[in-house]
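Since the structure comes first, as structure tokens, the remarks are kept for the end.
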Amino acid sequence: MYRKLVWLAVAYTFVVVVVGAYVRLADAGLGCPDWPGCYGELTPHHARDDIAKAVEEQGGTHGPVSMGKAWKEMFHRYIAGGLGLLILAIAVTAWARRRELRQSSLLATGILGLVVFQAALGMWTVTLLLKPVIVTLHLLGGMAILALLAWLALRQQMPRPLPPAVVKLRPLAVFALLVVVAQIALGGWVSTNYAALACTDFPTCHGEWLPQMDFRHGFQLVRELGKTADGAHLSYDAVTAIHWTHRVGALVTLIVAGGLALLLRRDSASARLGGVLLAVLLAQVVLGVANVLGGLPLLLAAAHNAGAAILLLTMVVINFSLSQKPAS
């Protein structure tokens, strides 16, 4: 039962992460500009008069508030709340049955603590008006919960030991995982700064390999959306720097994680892991390029976020497998 509960939480978290990305990409993050309710109400339906007034004041539904955007935002909050309750149940079960499970309950408890912090980030995302560093941390928090739940779920399985020659790849696997996490953070920074279409050609950017860029303002963490730390408008050169850096990160990720995948495929015991990693990597690259050339269609952009989550899960599975005692 505990194993099924944890695996359910993994699948549920994946859905929450993807829906959260969809809400952000649909510009619905401020569909309800307060927290945790919508204009102090439980549902947008009960707040319809306030929403209608906001729509009139902003001159139409093209602004941050509309009934459709409010429902998208609140739906994400509802399912995120359900996930919190599910993880609470996992933590309580882990403590109550720790002797029977024969494993520490600290990881389950730590995930619960991370969920509480993630809820705070969700609140600050709204109340601080989509400040990029907060929104990016919120994305990373969701990914961290997904990864830790996957590790917890894998601990409930009977691991299949791998040959010593494969286990020796563990340092490279850990490094590849860190590279993937860094690339996800860069992707979040691109999304939260609306830099996905700063370069609309590929593989060059504005027809150049090294376009004019402003890294200093592009990577200032403490600032408002679309502004520099001094309050000036964020320049196009700064947005270009954000996008270009994510492209370079994608190349580094492809080389490092792709190299790991090829090494894993050399041994029959780990060939499947290597094949899955290679397939997910290539799919992510295709989705990234398609988003640029296709003008960032909403569903394709959400699929790119889902691909990042799948890539992270793949790296967690590989690292867990390589962390087990090797076969004799």
Filter region 145-183 for residues that are in contact with a Gly (Cβ under 9 Å, 6 or more places away or on another chain) and under 22 Å from residue 6 (Cα atoms) and give the result.
148
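Here is a yes/no grid of residues against (1) over 16 Å from residue 291 (Cα atoms); (2) at pLDDT 95 or above; (3) surrounded by fewer than 18 Cβ atoms within 10 Å (Cβ to Cβ); (4) outside the structural domain of residue 245 (by TED's automatic domain parsing):
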| site | (1), (2), (3), (4) |
| --- | --- |
| 152 | yes, yes, no, yes |
| 173 | yes, yes, no, no |
| 188 | no, yes, no, no |
| 195 | no, yes, no, no |
| 208 | yes, yes, yes, no |
| 216 | yes, yes, yes, no |
| 223 | yes, yes, no, no |
| 227 | yes, yes, yes, no |
Heads up, the helices (runs of 4 or more DSSP H) in region 149-252 (entirely inside) with at least 1 residues that are within 23 Å of the chain's Cα centre (by Cα) are 170-192, 215-218
Which pairs have Cβ atoms under 6 Å, sit 6 or more apart or on different chains, and link a residue in region 261-276 that is closer than 22 Å to residue 307 by Cβ to one that is among the aliphatic types (A, V, I, L, M) and surrounded by fewer than 16 Cβ atoms within 10 Å (Cβ to Cβ)?
265/271
Scanning region 294-328 residue by residue, those assigned to a loop (DSSP other than H, G, I, E, B) and either farther than 18 Å from residue 158 by Cα or touching a Ser or Thr at 6+ places or on another chain (Cβ under 7 Å) (or both) turn out to be 295, 296, 297
If we keep only residues of region 275-298 that are farther than 30 Å from residue 264 by Cα and touching a Leu at 6+ places or on another chain (Cβ under 9 Å), then the residue surrounded by the most Cβ atoms within 10 Å (Cβ to Cβ) is 292
In region 16-46, anything among the aliphatic types (A, V, I, L, M) and touching a helix residue (DSSP H, G or I) at 6+ places or on another chain (Cβ under 7 Å) is listed as 16, 17, 18, 19, 21, 23, 25, 26, 28, 30
Take residue 274 and decide whether it is in contact with a His (Cβ under 9 Å, 6 or more places away or on another chain), in a helix (DSSP H, G or I) and within 24 Å of residue 147 (Cβ to Cβ).
no
The number of residues in region 58-94 that are among the aromatic types (Phe, Trp, Tyr) and at pLDDT below 95 is 0
Since residue 104 meets every condition but one in (1) over 26 Å from residue 195 (Cβ atoms); (2) of a type in the set (S, T, N, Q); (3) modelled with pLDDT of 95 or more, which condition does it not meet?
(3)
Please go through region 20-43 and give me each residue that is in contact (Cβ under 8 Å) with a residue 24 or more places away in the chain, part of a loop (DSSP other than H, G, I, E, B) and either crowded, with 16+ Cβ neighbours inside 10 Å or of a type outside the set (D, E, K, R) (or both), ordered by number.
26, 27, 28, 29, 30, 31, 32, 33, 35, 36, 43
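The values are calculated or read from the model by the stated rules, or taken from the named source; none is laboratory data. Quick caveat, the model's predicted, so the values are computed rather than measured. Cβ atoms come from the backbone with ideal geometry, glycine included; neighbour counts cover every protein chain shown.
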